[in-house]
1. Looking only at region 949-981, filter to residues that are of a type outside the set (A, V, I, L, M), modelled with pLDDT of 70 or more and assigned to a loop (DSSP other than H, G, I, E, B); which one of those is nearest to residue 916 (Cα to Cα)?
2. Name, by its number, the condition in (1) closer than 23 Å to residue 526 by Cα; (2) open to solvent by less than 40 Å² (accessible area, probe 1.4 Å); (3) assigned to a loop (DSSP other than H, G, I, E, B) that does not hold for residue 613.
3. Condition (residue is within 25 Å of the chain's Cα centre (by Cα), over 29 Å from residue 813 (Cβ atoms) and open to solvent by less than 20 Å² (accessible area, probe 1.4 Å)) applied to region 738-752: is it met by at least one residue?
4. Would you call residue 756 aromatic (Phe, Trp, Tyr), open to solvent by 10 Å² or more (accessible area, probe 1.4 Å) and over 17 Å from residue 520 (Cβ atoms)?
5. Out of the residues in region 335-363 that are farther than 19 Å from residue 310 by Cβ and open to solvent by 50 Å² or more (accessible area, probe 1.4 Å), state the one that is nearest to the chain's Cα centre (by Cα).
6. Taking helices (runs of 4 or more DSSP H) that do not extend beyond region 1054-1150, which have at least 3 residues that are modelled with pLDDT of 85 or more and among the aliphatic types (A, V, I, L, M)?
7. Please determine, by comparing only the residues of region 843-883 that are part of a helix (DSSP H, G or I) and among the basic types (Lys, Arg), which one is farthest from residue 747 (Cα to Cα).
8. For residues that are open to solvent by 40 Å² or more (accessible area, probe 1.4 Å), closer than 20 Å to residue 640 by Cα and in contact with an Asp or Glu (Cβ under 9 Å, 6 or more places away or on another chain), tally how many sit in region 493-530.
Amino acid sequence: MVSQHDPVCKKTRHFSVMACLVPLCSLHGAAVTTVEGVGSIKTRLHPVQERLAKSHGTQCGFCSPGMVMSMYALLRNHPQPSEEQLLEALGGNLCRCTGYRPILESGRTFCMICTELFVKDEFQPLDPTQELIFPPELLRMAENPEKQTLTFYGERITWIAPGTLQELLVLKAKYPEAPLISGNTALGLTIGACCSLAQVKDVLAESISELPEEKTQTYRALLKHLRSLAGQQIRNMASLGGHVISRHYYSDLNPILSVGNATLNLLSEEGLRQIPLNGHFLAGLANEDLKPEEILGSVYIPHSQKREFVSAFRQAQCHQNALPDVNAGMRVLFKEGTDIIEELSIAYGGVGPTTVSAHRSCQQLLGRRWNALLLDEACRLLLDEVSLPGSAVGGKVEFRRTLIVSFFFKFYLEVLQELKADKRLLPESTRVNSHQPLQDPVGRPIMHLSGLKHATGEAVFCDDIPRVDKELFMALVTSTRAHARIISIDSSEVLDLPGVVDVITAEDIPGNNGEEDDKLLAVDKVLCVGQVVCAVVAETDVQAKRATKKIKITYEDLKPVLFTIEDAIQHNSFLCPEKKLEQGNMEEAFENVDQIVEGKVHVGGQEHFYMETQRVLVIPKTEDKELDMYVSTQDPAHVQKTVSSALNIPLSRITCHVKRVGGGFGGKVGRPAVFGAIAAVGAVKTGRPIRLVLDREDDMLITGGRHPLFAKYKVGFMNSGRIKALDIECYINGGCTLDDSELVTEFLVLKLENAYKIRNLRLRGRACMTNLPSNTAFRGFGFPQGALVTESCITAVAAKCGLPPEKIREKNMYKTVDKTIYKQAFNPEPLIRCWNECLDKSSFAIRRTRVDEFNKKSYWRKRGIAVVPMKFSVGFAATSYHQAAALVHIYTDGSVLVAHGGNELGQGIHTKMLQVASRELKIPMSYLHTSETCTAAVPNTIATAASVGADVNGRAVQIEAAFEQRISLSATGYFRGYKAFMDWEKGEGDPFPYYVYGAACSEVEIDCLTGAHKIEGAFIQGMGLYTTEELHYSPEGVLYSRSPDKYKIPTVTDVPEQFNVSLLPSSQTPLTIYSSKGLGESGMFLGSSVFFAIADAVAAARRQRDIAEDFTVKSPATPERVRMACADRFTDMIPRDDPKTFKPWSIPIA
């Protein structure tokens, strides 16, 4: 939080900021508060920290300090904020674990909102008088500024902060090319160029409240975009002047300022000059631009006038923190008392190198009446003037062309309405009441053991470990080619650079360089862009990263280069044999059905986007080749084995420590071993500790994620909706090496039937080898992709039968004790209970009726509703993967130390293990402690994955009998594992210990003109997979979407407005400890109910437009895909390019 005192209004203003966006030199005179200054477990917790932890708003805890600071800054300005202010404050924060709801619930305790989850007495009160004061010395500086020029000299940059405007103008004349970072402020409707966007928002809101509505049309349009422009932290730091002058093609404000006839007030030593903020300025024409010695002082935004209407439009991948695909500002002024156009201005962002003004089209429409004839003519003119080439940066060309005319149509309707309300509900929650005795912690909502430390920033993650003596930093050099032979690696320049110690190549690895087809460091050839070729070690991370750019690698391109599943199928490029399950007589069944439907499904990949990127610290010991490794991983034993193999030293000399992991989701099962081994080689070669921390771009480029999928299906059914035969063939994009692709294929095929009993069923799966980074384990392990295919078959059958999809689902669901396609027996009774309870609690029948009524009345907005069932098999298909061990020490003071093989990823496994030990030992949890997961304490562990970590490690902790016999005050518990096996030759087995069941209902509303959707029910990470998270690859195989500005995970503003979750009561699982259930992965797929609700809404739109309801299913259901599926006259009128005539910006890899 940055605090600054305003001497004019005598107030101190506090705002949350992103540290990476704030130059240190700009903070002269400001007070900076970090999470350490807010509160501490060692001194006193702040109410924000306490409530976040007690509300279970921390899981992995990596994002928690940021959440605390955003809420803290909000409370410093508004001690009793509204819910809207709370959502706005948190809109720029990201969390991958919690789904945001518990974070919001903690924030709501400060709002004037009644929440059933908590009672007031649970928390210490917020007392604004006890907050830190603004430092008196800084207060004096602000009230009596010295107005002296400050100069900061850096290694490569000089920063000059002039004390007066006159000095600034002198400096600008002296250094005309120097960028201006900050300027003077002046408030009012002439807004100072250095006003932050947050301040601009406040000024506009105040003006709107004070002025007549007819004068504030432009201000309202600007305010609408400011609410969704970036997040609060960026709006706090970004200035109006910077936004205007940068003239980004995606600017949200420039199109509105341009059509609103804004004027720029420019200052120089020569005085004041004014230029219009119009198309000429935005295009950068010399006579309409700033001179090198000029600065932007302020922006004048005139009032609108009577009979003038101004609107703003934007469409982005998600509501906030996303650059727009297209945006627009539109203004029309009518002659007094008529609908005849006197002035018309239209400007677009996102369709050219800068904001594009449709001046020619507007001129041709002057004097026309605002009617349907004008609409058609305007659309034709706009498409002719505002053209977008097929190869345009950012892709989505047809979608963006459609938005050009769709936005104008929305403006046309808005104005027409002027010429001639569904109340928001708060999210509900259901408290799960424990039936356990009060003294027994099992089954009770115990706060995460590290929750308070997460909230205070005192929880130590891998990179928080203080720098050790003689430590070096490592940076990786990756391939820039997708498939090529390495001719040479020239590092001669690098070793002469300051701070560089060494370059690590494959030749430095004393043992095995990974597997034959999956090298730690590339040898002879590379198989994808992002493959690690070598590494640089230097004294600082900055020196190491700079040095990587000086390494020269010469390549010779190889053929073929395969990126898509289609490419791989054509070249017969597969990573493993086909996996197949079949039952019944397929041919006979297809001959005896009423109808047959065939279709295709495409499911895009997904990035793990764990908050803590991949990182490792390797410390070589002085004796016996021993290594201590601190690593962010789900599988320390795998890291240990890989390092042992690479260094050719015994496992017993390598100790891996995992205190906690900032999110994993499967992405830290295999890859940390590679980074650990490379760092260990560097540590052994240099004899010094090595720290390797990937930045977000490199992490996303190198590591791979969820497998994209392409599937073909053929389904035979009766007119009643009973499915008699189903044939599904799936292909996943495995990338360049095997990794977990064979296992994912197996799980995909085993789980494809989902909740349905289909007597004639053939399921096949193959993993394709392509020249992309190897895809790997991800939450759900193939099930979220595969089950989407099965449910798509259901909706296709429903469309052909003219029945609602929920009736088809119900008719074909497992009903009684039965066997799966792989002959494993199970009882579907909990499945049926979940389904019925979901229908009941969601009032599905009533909602379905309301949705149908709404759709009859509305042409351009449609609602959809869907309910999906889920049968999710928990665990691995092998007994050995379910083993676990624990070590328990009882000390003479009665305290107990528990060590186990599970890793703390945010799921609270350490908390759960102490709950188990507390019950078994019959002692309070306060007597128990767990330190870390360590291969020296509990060896030969399995990965913490597949939702069984708590199950199997909990079994190992059950060591009550050993203590009762007084054998020892130290005991080892060992769990042999659940029995699980699968015979693929016979196509049968008992591959899974047990199943969990669920059902989810979602209702959505879509805007048929833009594809935007508003969601009322989903699980957040699954919702991201199926709606917003889209990976874009260049035609050369380079991942474009490798940062949060290009890859969109859901934010707090995407949380469903109504989000009701309940657990099925009295649901027993006798096999597991205390009837535990592995729910970590299963909820992922339930987010598909959002996808199918969107599909339901699209189907309603297509029915009304007399278009075929069955269309190729593509996930994620982005606004682009939704808009283009809702075909209409606007999608029909856009020009379409022959794919052979241009090179596309991106390629679809599924």
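The values are calculated or read from the model by the stated rules, or taken from the named source; none is laboratory data. Note that the structure is a prediction, hence the values are computed from the model and not measured. Every residue, glycine among them, receives a Cβ derived from its backbone with ideal geometry; neighbour counts consider all protein chains shown. Accessible surface areas use protein heavy atoms only, side chains included; no ligands, DNA or RNA. Shrake-Rupley method; radii C 1.70, N 1.55, O 1.52, S 1.80 Å.
1. 958
2. The one condition residue 613 does not meet is (1).
3. Checked region 738-752: at least one residue is within 25 Å of the chain's Cα centre (by Cα), over 29 Å from residue 813 (Cβ atoms) and open to solvent by less than 20 Å² (accessible area, probe 1.4 Å).
4. No.
5. 353
6. Result: 1088-1104, 1119-1125.
7. Applying the filter and picking the extreme gives 857.
8. Looking only at that region, the number is 2.
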